[in-house]
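Contents: one structure, followed by commentary.
The values are calculated or read from the model by the stated rules, or taken from the named source; none is laboratory data. Bear in mind the structure is a predicted one, so any value in this text is a computation, not a measurement. Here the Cβ positions follow ideal geometry from the backbone for every residue, glycine too, while neighbour counts run over all protein chains shown.
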Amino acid sequence: MTALASVPPHTRATHQTAPNALLAAVADYYSAKLAAAGPTPRGVDWNSPDAQRLRFAQLLKLVDLSRSFSLLDYGCGYGALGDFLTDIGATCMYLGYDVAPAMIDAARRLHRDRDDRTFTHDAAGLRPMDYAIASGVLNVTCGVDPARWEKHFFGTLDHLARLATRGFAFNALTSYGDPRMRRPDLYYADPCQLFDHCVRRYSRHVALLHDYGLYDFTILVKW
Ligand SMILES: C[S@@+](CC[C@H](N)C(=O)[O-])C[C@H]1O[C@@H](n2cnc3c(N)ncnc32)[C@H](O)[C@@H]1O
């Protein structure tokens, strides 16, 4: 266990502040996707609505859906997870956060009739909620070198851990896919290394899901 593991994650000081050049590049990348395809799965760079929703179903295995809860959707895009929560009948105060202001504008337009769905692109204003979920935020590297991306990757996990009081979940592309199919602009993570990292750093209660038929995996971390 690291020293960090002895302090409840949501009480640790925040380190992620104003958008840096990497985050600005990520925001530009996704804003271009949105401009091309609108508030649709393709507009957040997913191949299909079915795959987008299958990922949500994995991530929500973190949550006790039988009672009401609050949830931070970290990298929310246009807020599709908010719709998914409605469709499955979850009672939830939902906050969507995205680094791309254009995504937040689209999300606010789509969900304007819901006062239990709010959206922000202000990272500094985020406060811990019961759960934090991140789908697809750790894939597109925008050409930064692997060492820098890994620092960003692990920093994002720390940020998620600080923003959740009951647990957090994220997905990433798996390094167990066919190497010939890899794209140079995407990051393929080692699921076993990440499982080990999460157990040592955050909690004994970690699940690794690598069985749902996509080229990614999901990790659930519970307290
Ligand atoms: C693949 S899309 C997925 C959107 C949404 N989670 C979904 O599944 O429909 C990733 C989203 O995360 C946002 N994003 C990427 N990195 C982020 C970061 N470090 N902080 C906040 N948002 C981020 C992008 O702007 C983009 O809207």
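Here are the numbers for this structure:
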read-out: Which listed residue is over 21 Å from Gly155 (Cα atoms), within 10 Å of the ligand (Cβ to nearest atom) and not polar (S, T, N, Q), from Val44, Val137, Val63; value: Val44
read-out: Yes/no for Gly38 being at pLDDT 95 or above, at positive phi and more than 10 Å from the ligand (Cβ to nearest atom); value: yes
read-out: Subset of the range 118-134 [outside any strand (DSSP E or B), more than 11 Å from the ligand (Cβ to nearest atom) and in contact (Cβ under 8 Å) with a residue 40 or more places away in the chain]; value: Ala124, Pro128
read-out: Test: Arg108 is outside any helix (DSSP H, G or I), surrounded by fewer than 20 Cβ atoms within 10 Å (Cβ to Cβ) and more than 9 Å from the ligand (Cβ to nearest atom); value: no
read-out: Residue in the range 169-184 that is modelled with pLDDT of 95 or more and acidic (Asp, Glu) present; value: no
read-out: Residue that is nearest to Met93 (Cα to Cα), among those in the range 149-193 that are acidic (Asp, Glu) and within 16 Å of the ligand (Cβ to nearest atom); value: Asp158
read-out: Any chance Ala32 is surrounded by fewer than 16 Cβ atoms within 10 Å (Cβ to Cβ), over 23 Å from Leu126 (Cα atoms), modelled with pLDDT of 95 or more and within 16 Å of the chain's Cα centre (by Cα); value: no
read-out: Which listed residue, of Asp73, Asp115, is near the ligand (Cβ under 8 Å from one of its atoms) and either surrounded by fewer than 18 Cβ atoms within 10 Å (Cβ to Cβ) or in a strand (DSSP E or B) (or both); value: Asp73
read-out: Members of the range 181-223 found to be of a type outside the set (Phe, Trp, Tyr) and closer than 13 Å to Gly167 by Cβ, listed by number; value: Cys198, Ser203, Arg204, His205, Val206, Ala207, Thr218, Ile219, Leu220, Val221, Lys222
